[in-house]
1. Within region 9-25, is there a residue that is small (Gly, Ala, Ser) and either part of a helix (DSSP H, G or I) or within 15 Å of ARG66 (Cβ to Cβ) (or both)?
2. Of all residues in region 103-123, which are polar (S, T, N, Q) and either free of Cβ contacts under 8 Å to residues at least 24 places away in the same chain or open to solvent by 60 Å² or more (accessible area, probe 1.4 Å) (or both)?
3. Kindly check whether there is at least one residue in region 160-175 that is exposed (fewer than 15 other Cβ atoms within 10 Å of the Cβ), under 20 Å from LEU16 (Cα atoms) and at pLDDT below 80.
4. Restricting the search to region 124-139, which residues are open to solvent by 60 Å² or more (accessible area, probe 1.4 Å) and at pLDDT 80 or above?
5. With ASP78, ASP60, ASP44, ASP88 as the choices, which residue is at pLDDT below 85 and surrounded by 15 or more Cβ atoms within 10 Å (Cβ to Cβ)?
6. Quick one: which residue in PHE36, PHE73, PHE49 is in contact with a strand residue (DSSP E or B) (Cβ under 9 Å, 6 or more places away or on another chain), surrounded by 16 or more Cβ atoms within 10 Å (Cβ to Cβ), modelled with pLDDT under 85 and aromatic (Phe, Trp, Tyr)?
7. Could you list, in sequence order, all residues of region 2-25 that are touching a Gly at 6+ places or on another chain (Cβ under 6 Å) and over 10 Å from PHE75 (Cα atoms)?
8. Find the residue count for region 14-28, including only residues that are under 24 Å from GLU113 (Cβ atoms) and surrounded by fewer than 14 Cβ atoms within 10 Å (Cβ to Cβ).
Amino acid sequence: MIKAILIFNNHGKPRLIRFYEYFAEDLQQQIIRETFHLVSKRDDNVCNFLEGGSLIGGSDYKLIYRHYATLYFVFCVDSSESELGILDLIQVIIFFILVFVETLDKCFENVCELDLIFHMDKVHYILQEVVMGGMVLETNMNEIVGQVELQNRMEKSEGGFSAAPARAVSAVKNMNLPEMPRNINIGDINIKVPSLSPF
């Protein structure tokens, strides 16, 4: 089972962080630093998995990673299965990383680190199409891209997030609110309400 997905650049700056197990915020930051240190010091021609760091469970967890250009894609998985199961999981995760990167590449047309920064909502949506609750749901890239395109069409048809403030103001203007009371009397207390016309 996947416990965490970490994507960071060559300098250790996190670009996408998803924990499927609870860790306090400060511990998450320590895990990211330790994981970057473990993965970045490895040579490019060695295997793509190693034992997890001391903060994330040591030998009970495996770190499976791939390094593409300026980004490290790291998956922390539970090693409670048999060794054969772990080897199978490693192959599935490496295949999944390839699918995830290729899906990002198709959705962003030659994905780069800036796409992960400026389109974080879309990247999280793509990740949720593939992994939910630490379990891989979908590995068919065409299916994932189809769902992302469907989401994009829905956002465009609804005007997207950029049109939301204008629609909210329009809705408030068109509301039939009763006339606001001008004087409020409570016993001996008289309150005069000023005329507040927002439009």
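1. Restricting attention to region 9-25, the residues satisfying the condition of being small (Gly, Ala, Ser) are 12, 24.
Restricting the remaining residues to those that are either part of a helix (DSSP H, G or I) or within 15 Å of ARG66 (Cβ to Cβ) (or both) gives none.
Scanning region 9-25 turns up no residue that is small (Gly, Ala, Ser) and either part of a helix (DSSP H, G or I) or within 15 Å of ARG66 (Cβ to Cβ) (or both).
2. Answer for region 103-123, where residues must be polar (S, T, N, Q) and either free of Cβ contacts under 8 Å to residues at least 24 places away in the same chain or open to solvent by 60 Å² or more (accessible area, probe 1.4 Å) (or both): just ASN110.
3. No, region 160-175 has no match at all.
4. Within region 124-139, the subset open to solvent by 60 Å² or more (accessible area, probe 1.4 Å) is 128, 132, 135, 137.
The answer is GLN128, and nothing else.
5. On the way: ASP60 fails: surrounded by 15 or more Cβ atoms within 10 Å (Cβ to Cβ); ASP44 fails: surrounded by 15 or more Cβ atoms within 10 Å (Cβ to Cβ); ASP88 fails: surrounded by 15 or more Cβ atoms within 10 Å (Cβ to Cβ).
Residue meeting the stated conditions: ASP78.
6. Values: PHE36 fails: modelled with pLDDT under 85; PHE73 fails: modelled with pLDDT under 85.
Just a single option satisfies the conditions, and that option is PHE49.
7. The one that is touching a Gly at 6+ places or on another chain (Cβ under 6 Å) and over 10 Å from PHE75 (Cα atoms): TYR20.
8. 1
The values are calculated or read from the model by the stated rules, or taken from the named source; none is laboratory data. Computed from a predicted model, the values in this text were never measured in an experiment. Methodologically, a virtual Cβ is constructed for each residue, glycine included, from the backbone with ideal geometry; neighbour enumeration extends over all protein chains shown. Just so you know, the surface numbers come from the protein's heavy atoms only, side chains and all, with ligands and any DNA or RNA stripped out. Shrake-Rupley method; radii C 1.70, N 1.55, O 1.52, S 1.80 Å.
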